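See structure below.
The values are calculated or read from the model by the stated rules, or taken from the named source; none is laboratory data. Keep in mind that what you see is a predicted model, and the values were worked out from it rather than measured. Here Cβ is always computed from backbone atoms with ideal geometry, including for glycine, and neighbour counts include all displayed protein chains. Keep in mind that these areas ignore ligands, DNA and RNA; they rest on the heavy atoms of the full protein, side chains included. Shrake-Rupley method; radii C 1.70, N 1.55, O 1.52, S 1.80 Å.
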Amino acid sequence: MKNITMKTGYLSLLAVAVFACTAPAADSRPYLITVKPAENQPAPALHSFALAVHDGKWLIVGGRTNGFHRTSQPESTFPSRFSNDQLYVVDPAGNRLWKAALPAKHRLQLRATNMGYYQDQDVLYLVGGYGSRTEKDGKGDYHTFPTLTAIRVPQIIAAIISGNQEKIADSVSSTTDNRMQVTGGGLQKLGDRFYLVFGQNYDQKYKGAITGQYTFEVRHFRIRFDGHDLAIEDPQSITDPAGPGPDSQYRRRDLNVVPAVRSDGTLGITAYGGVFTKGGGPWRRPVYIDRGANGQIQVNVDKAFEQRMCQYDCARLMMFDPLSRTMYTTFFGGITYYYYNAQGELEESNLRNFMPFTGAITTVTRQANGKTVEIPQGPADGLPGLLGAEAVFIPLDGIPRFQNRADILDFSKLLARGKIKIGYLYGGIRALEPQVTEKDPSFASGKIFEVFLEAVQHQGRDDAVEGIKDGNNRLSAAFARHDAPAAADVYSGDARLFPPGKDSIIGRKAIEEFWKGTFDGGYVALKLETTEVRSSGDLAFEVGKFTLTNKDSTLSQSGEYCVVWTRVNNKWKLHRDIWNTLRKGE
């Protein structure tokens with residue numbers, strides 16, 4: 001078992017192990033993502049919509065039915081006839097689609113495009129969005145809506161399926177606040193506060209970079225909603241310390257704002273990509289938004305990393321590995337700065353092909369040591385077409401989540417499952433060529449793809465996780481049987497134990513006698529919970545928690561452990577075992 005009363009020799013060994021495991025063995029991809037068309041295809045062709053999920057069914061609000069706004073049609077703006085004026089419910093497993101008209105009171109705002117949205121349990125919150133505020137398309141009719149809307153998801157899905165228009169209207173609440181007048185930003189939540197990250201305010205007909213005003217802000221606030229009455233509380237904003245302007249990293253819209261887990265397990269928000277720099281390209285440095293221990297909000301730009309691919313709003317998959325403390329964010333296609341040329345090599349945007357549509361799949365990895373690495377899958381392992389822009393990834397129910405969050409998968413629980421289906425890719429813009437024109441237009445996609453994940457074995461990392469899991473299971477089973485020889489067999493021949501308050505115990509025979517004495521003291525049940533694993537070659541270290549009890553639970557100990565494992569004849573063995581006792585009861 002396992003204590004933190006470390007001896008000098010063990011500290012040296014552990015330091016070597018930690019050093020070896022901290023540096024990544026290689027920047028190889030941790031997994032392979034593949035997609036294939038789903039057998040069932042009940043969804044409408046849309047992009048730039050908002051989406052919520054309940055009981056396997058999708059609620060779709062807003063968005064557009066045409067393609068890329070400036071080249072898919074002769075108009076250079078957002079004609080209202082292509083606004084989505086229906087509410088949709090999609091059941092991908094049951095191959096069913098239901099639709100209903102938007103409630104009249106909220107129709108103009110709910111048909112908007114590029115709303116910020118966030119599903120908080122059973123409520124879908126919508127912010128802003130761009131479109132016409134009348135039934136006309138004149139220059140003065142277009143604007144960004146200054147609106148926060150709350151939709152009770154289970155209720156409205158049931159109402160849409162039953163065709164009850166009165167209950168549909170009763171499921172929607174809204175309030176007006178000019179601070180919500182944002183489109184192309186991202187909405188996320190940390191703790192009890194919502195964060196509206198970057199974006200723009202268009203107050204007239206869209207004309208590229210002419211008519212919109214960047215917010216240059218991270219706005220944050222609390223929402224009070226009792227099911228009908230909706231209010232914004234304690235609104236605040238964070239501005240760029242360097243001030244607004246063309247060089248500000250806060251000058252972004254149409255970006256990927258995603259939830260993230262930091263290496264210490266705390267939740268944060270990361271803003272990837274977005275447009276436009278003063279040179280007309282995408283922003284390439286991520287922006288991290290975190291809450292400090294004192295509740296202070298911190299916004300930091302990663303100056304050590306530049307994202308090469310998929311900077312425009314696209315479908316994305318978030319996974320965290322609590323064992324290696326690594327955050328994975330995978331981007332599906334969209335619009336990119338680097339692209340694969342005809343030779344299959346990554347090439348930087350240029351005048352011949354500037355910020356093209358792409359079907360590439362790429363993963364940004366934020367490692368425990370703070371290093372950020374981008375790992376493209378390669379041109380042969382991309383999407384089946386120029387897809388992904390303004391699309392969504394929807395995880396399956398039943399796939400393990402990190403800390404029960406709906407939007408972050410637990411990668412450590414997917415390692416040993418082989419190739420598995422983890423969700424769907426739906427909607428977005430489908431381009432015919434990297435540079436869309438009237439001759440080569442783009443369209444809204446109604447295609448549903450199944451998404452599969454296959455963990456890739458690299459540098460023995462997955463092998464260590466499985467080997468340590470097996471060793472811990474054998475140790476717990478030996479405790480249950482009072483089998484001291486079996487417990488000792490989990491250790492290497494020259495293993496050492498460091499029990500709390502005692503001299504170290506060296507060698508397998510002495511370890512067997514130690515555990516026999518523990519069993520004679522009445523302890524029979526050992527529960528181990530791994531919280532971290534790092535490995536390099538034939539060494540790994542594990543951190544975790546333990547609980548030790550007797551048959552009727554009248555004796556108990558609990559604490560934490562930090563151990564070193566070594567691989568002996570292709571089997572992982574406990575090599576150094578140290579633990580503390582946080583609670584002991586009799």
Item to complete: Write out, first by first residue and then by second, each pair whose Cβ atoms fall under 8 Å of each other, whose residues are 6+ apart or on separate chains, and whose first residue, in the range 252-271, is in contact (Cβ under 8 Å) with a residue 60 or more places away in the chain while the second is charged (D, E, K, R) and open to solvent by less than 10 Å² (accessible area, probe 1.4 Å).
Response: 271/252
Worksheet item: Given the conditions (1) surrounded by 17 or more Cβ atoms within 10 Å (Cβ to Cβ); (2) closer than 26 Å to residue 63 by Cβ; (3) not basic (Lys, Arg), and given that residue 176 satisfies all but one, which numbered condition is not satisfied?
Response: (1)
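Between 476, 492, which is farther than 30 Å from residue 316 by Cα and open to solvent by 10 Å² or more (accessible area, probe 1.4 Å)?
Just one listed residue meets the conditions, 476.
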Practice prompt. Mind telling me which of the residues 574, 539, 526, 555 ends up being modelled with pLDDT under 90, surrounded by 15 or more Cβ atoms within 10 Å (Cβ to Cβ) and under 40 Å from the mean Cα position of the chain (by Cα)?
Written response: 539
Worksheet item: Restricting to the range 452-478, what's the tally of residues that are of a type in the set (Phe, Trp, Tyr) and at pLDDT below 90?
Response: 0
Discussion item. If a residue must be open to solvent by 30 Å² or more (accessible area, probe 1.4 Å) and on the phi < 0 side of the Ramachandran plot, how many such residues does the range 377-389 contain?
Written reply: 5
Practice prompt. Out of 372, 330, 336, report the one residue that is open to solvent by less than 10 Å² (accessible area, probe 1.4 Å) and more than 28 Å from residue 91 (Cα to Cα).
Written response: 336
Worksheet item: Does the range 444-458 contain at least one residue that is farther than 27 Å from residue 266 by Cα, among the aliphatic types (A, V, I, L, M), touching a Pro at 6+ places or on another chain (Cβ under 8 Å) and in contact (Cβ under 8 Å) with a residue 40 or more places away in the chain?
Response: yes
Worksheet item: What tally of residues in the range 244-271 results from selecting those that are closer than 14 Å to residue 331 by Cα and open to solvent by 40 Å² or more (accessible area, probe 1.4 Å)?
Response: 0
